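Just below is one structure, and these are the notes that go with it.
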Amino acid sequence: MNLHIVSGTANSPLAEAIAAGARIRPTPCSVERFPDGELRPTVQSGRGADLYVVQPTGPVVNENVVELMLLLDAARRAGAARVTAVVPYFGYARQDRRSRTGQAVGARVIIDALSNAGADRLLVVDPHTPALEAMCDVPVEMLTAVPGMATRLASSISSETVVVAPDLGAVKLAEHYAALLHASVAVVRKTRQSGSSVRAEELVGAVEGRAAIVVDDMISTGGTIEAAVRTLLDHGASPGIVVAATHGLMIGPAVEKLAALPLQRLLVTDSVPQETPAPLPREVHSLAPLLAEAIGRLHRDESVDDLLIRG
Ligand code: R5P
């Protein structure tokens, strides 16, 4: 089976960098847009191939999800022997359960749609919830960017640094960073009022006079990070706070909110395209080496265990 990498339109620079890392050229593919908004992708080769479709489902989420489904179907119909959906940022992962009666479980719906469209396997990076795996009929490899991000953060670490989870859902992630950086952990307890409004309720852990690194899986509107940073400052943490999040979506007022904070560094990956310039101390860690390594190993039927999220 030959290795093929197909790029959707959601993040073609990342797909090209992954292909370069895997020492191949992306398989020619086009996505035609009809006047009424319909999409029609064509995958131009791939018969008998081990084919990887690279398409994060960040904003515009629904457009990118539908394009991914159509690309998977196109790859299957082009005769690929095995099709893997490479979804560096998996939108809808926050909808992994109902928080009130009558809601949809969006993550489940999207996972089912991708496997029905032709995905034999999913490759995702730091998804919001590990529950994705249990929802999915096909194998899901959940890679993590944390070791690579932590290496870049090492220069900001002192013996007093504390890694901060900005909500309870980020505690495992914070523990992973803290283990790699030999730092302690603090946790902000957050409540969410709406999709764009959160409140920090309390802080657990010692932060007074200490440098802090706030870590999260994603920054959407910036409300969670803003609330955590303000809470840290209220509790006497040193200004010059570092923020690291795998997925920097930066929706709506996010840039403005984060620019108003005394941040020393803001580290995100290129799971979704990162626009520059912005009035932020933003650094972008590329996922291309991680994804190229994982795709190469999966293609050769080798283990990717050491690249996965810790259990
Ligand atoms: C939610 O639990 C996630 O881990 C993030 O904390 C959240 O989605 C970030 O959203 P926002 O930036 O809008 O607060």
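Below, the figures for the structure above:
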| item | result |
| --- | --- |
| Fraction of antiparallel bridges per DSSP, the chain only, in percent to nearest 5 | 25 |
| Under the Karplus curve 6.51 cos²θ - 1.76 cosθ + 1.60, θ = phi - 60°, whole-Hz ³J(HN,Hα) for region 255-260, x wherever Gly or Pro sits | 4, 4, 5, 6, 5, 7 |
| Leading residue at positive end of dipole, the chain (Cβ point charges), from P281, L298, P130 | P130 |
| Rel. contact order, % - alpha carbon contacts under 8 angstrom, at least six apart, region 13-77 | 26 |
| Residues of region 283-307 with amide N under 16 Å of the 7 Å Cα→Cβ point at A179 | 305-307 |
| Nearest-ten-degree value, helix 106-117 long axis tilted from longest Cα axis of the chain | 20 |
| For V163, residues with placed amide H under 5 Å, excluding near neighbours | S184, V185, A186, I213 |
| Over 24 Å [Cα-Cα, region 31-185], rounded percent | 45 |
| Segment A20-L233, length gained on full extension (0.36 nm per residue, minus Cα span) | 72.4 nm |
| Excluding exposed DSSP-loop GluC sites (Glu not before Pro) (at most 12 other C-beta within 10 Å), longest clean stretch of the chain | 39-207 |
| Candidates R77, R300, R33, ranked by Gaussian network fluctuation over the chain, Cα under 10 Å, top entry | R33 |
| Degrees separating the helix 171-181 axis from the principal Cα axis of the chain, which is the longest one | 80 |
| Simple Cβ-charge dipole of region 241-311, Lys/Arg +1 and Asp/Glu -1, about Cα centre, in debye nearest 20 | 260 |
| Percent RCO, i.e. relative contact order, over region 49-122, from Cα pairs under 8 Å lying at least 6 residues apart | 38 |
| Distant-in-sequence amide H partners of V140 (H built 1.01 Å from N, under 5 Å) | L122 |
| Amide proton proximity set for A244, modelled H, under 5 Å, gap of 5+ | V214, V215, D216, L267 |
| Choice from H285, H128, H235 with maximal GNM fluctuation in the chain (Cα, 10 Å cutoff) | H235 |
| Label-point separation in nm, E63 to D137, each point 7 Å along Cα→Cβ | 3.1 |
| Percentage, to the nearest whole number, of Cα pairs in region 1-85 over 16 Å apart | 48 |
| Kirkwood-based Rg to Rh ratio, the chain, C-alpha trace | 0.98 |
| Relative contact order of the chain, defined on C-alpha pairs under 8 angstrom at six or more residues apart (%) | 14 |
| Extension gain, S99 back to I251 (0.36 nm per residue minus Cα-Cα distance, nm) | 52.4 nm |
| Angle in degrees between helix 12-21 and the longest Cα principal axis of the chain, rounded to the nearest 10 | 80 |
| Per residue convex hull volume, Cα atoms of region 125-187, in Å³ | 77 |
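Every read-out reported here was derived from the displayed coordinates using simple, explicitly stated rules and does not represent laboratory data. Note that this is a predicted model, so its numbers are computed, not measured. Cβ sites come from the backbone with ideal geometry, for glycine too, and all protein chains shown count toward neighbours.
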